[in-house]
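Down below is the structure, laid out as structure tokens.
The values are calculated or read from the model by the stated rules, or taken from the named source; none is laboratory data. Computed from a predicted structure; not experimentally measured. Cβ coordinates were reconstructed from backbone atoms using ideal geometry, including for glycine residues, and neighbour counts include every protein chain displayed. When the accessible area is computed, the model is the full protein with side chains, heavy atoms only, and any ligands, DNA or RNA have been set aside. Shrake-Rupley method; radii C 1.70, N 1.55, O 1.52, S 1.80 Å.
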Amino acid sequence: MLVGVAEHYLAMGEIIIIGSEAIAQGVVTKHELQRWYRPLLPNVHAPRGKELTLRDRTLGAWLWSNREGIITGAAASALHGARWVDGDVPIEMIFNCGRPPRGVVTRNERIADDEVTWVGELPVTTLARTAFDLGRHLPRGRAIARLDALMNANPYSIEDVLLLGKRYEGARGVKQLRARLPLVDGGAASPPETRLRLLYIDAGLPRPTTQIPVYDENGWLVRILDMGWEDFMVASEYDGDQHRTDRPQYVKDVRVMRKLARLGWDVDRVIKEDRDPAVIALARSALIARGWKP
């Protein structure tokens, strides 16, 4: 139990504190700070023994910036609801600091008032600005996976992101961003699905549709397929670890795949151990067999 923590701090949920500020305001003594807290960032402390969440680390980074930084990047996408953001990702902020501490990335970039919103007590880039930054500062595959995840969780306007590209015409990575935005698909349910879709597109196959519902003769939903080519009744499913470790799910999947085959679907089940050339060759062969002409 923490000793000397002021009621208003508890009410605000500020378990991450600025050390010097907390001492000056009588929230903790120097002794209590050393005993009950541990350093998170310079002059920013977290309770000892607490397992820090991504939000805790994000709050800590913002406090470290003297409450001046604006959260962006992957941490901002997580605050907007995006999944698949690990708890140890660097916290990116729009903030002028040449040498940020480890775990924090700062960028001295222009940002307008209409590109900032608030999530709880944290200033965060809007959906469009978050996408604008994700699409510029990451390698292509990771960028599109992050953009997909954000679109899946909290749809944003591609046009709004392009307008930011016009607003900041000379900004770093705008050209790459424009090439990546047409590939964004919120139907991707995970980063491996994004990677699989890009694999097919880069190989010259038709762009697959995501989240394809398949119904049986009686109108009952059989499956929502990860991605595929409806005109040719060819699909691709990415099988994650749950398909290996969850026996009931595995049995259900086997039965569903049999039913899909009876309905005329050719479904390839891709696993992470599959080699890219083999995955591409299998999809290409299936499409050609169903009438696609490269």
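Scan the range 155-177 residue by residue and report those that are aliphatic (A, V, I, L, M) and in a helix (DSSP H, G or I). So that I can check it myself, show each step before the final result.
Here is the first cut: in the range 155-177, the residues aliphatic (A, V, I, L, M) are 158, 161-164, 171, 174, 177.
Result: Ile158, Val161, Leu162, Leu163, Leu164, Val174, Leu177.
The residue that is nearest to Arg195 (Cα to Cα), counting only those in the range 249-282 that are open to solvent by less than 50 Å² (accessible area, probe 1.4 Å) and at pLDDT below 90, is Asp253.
Residues checked against (1) over 15 Å from Gly60 (Cβ atoms); (2) touching a residue at least 24 places away in the same chain (Cβ under 8 Å):
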| position | (1), (2) |
| --- | --- |
| Arg83 | yes, yes |
| Phe95 | no, yes |
| Gly98 | yes, no |
| Ile111 | yes, yes |
| Val119 | yes, yes |
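As a summary of the residue check, Gly69 satisfies the conditions (1) more than 17 Å from the chain's Cα centre (by Cα); (2) open to solvent by 50 Å² or more (accessible area, probe 1.4 Å); (3) of a type outside the set (Ser, Thr, Tyr) except for the one numbered (2). For the residues Arg197, Arg207, Arg223, the requirement of being charged (D, E, K, R) and open to solvent by 50 Å² or more (accessible area, probe 1.4 Å) singles out Arg207. Report yes if Asn152 is among the polar types (S, T, N, Q) and not in a helix (DSSP H, G or I), otherwise no. No, not satisfied.
Only a single item in (1) in a loop (DSSP other than H, G, I, E, B); (2) open to solvent by less than 60 Å² (accessible area, probe 1.4 Å) is not met by Ala22, and it is number (1).
Scanning the range 230-248 for residues that are modelled with pLDDT under 95 and open to solvent by 60 Å² or more (accessible area, probe 1.4 Å) returns Asp241, Gln242, Arg244, Thr245, Asp246, Arg247, Pro248.
Give the residues of the range 273-294 that are in a helix (DSSP H, G or I) and hydrophobic (A, V, I, L, M, F, W, C), sorted by residue number.
Ala278, Val279, Ile280, Ala281, Leu282, Ala283, Ala286, Leu287, Ile288, Ala289
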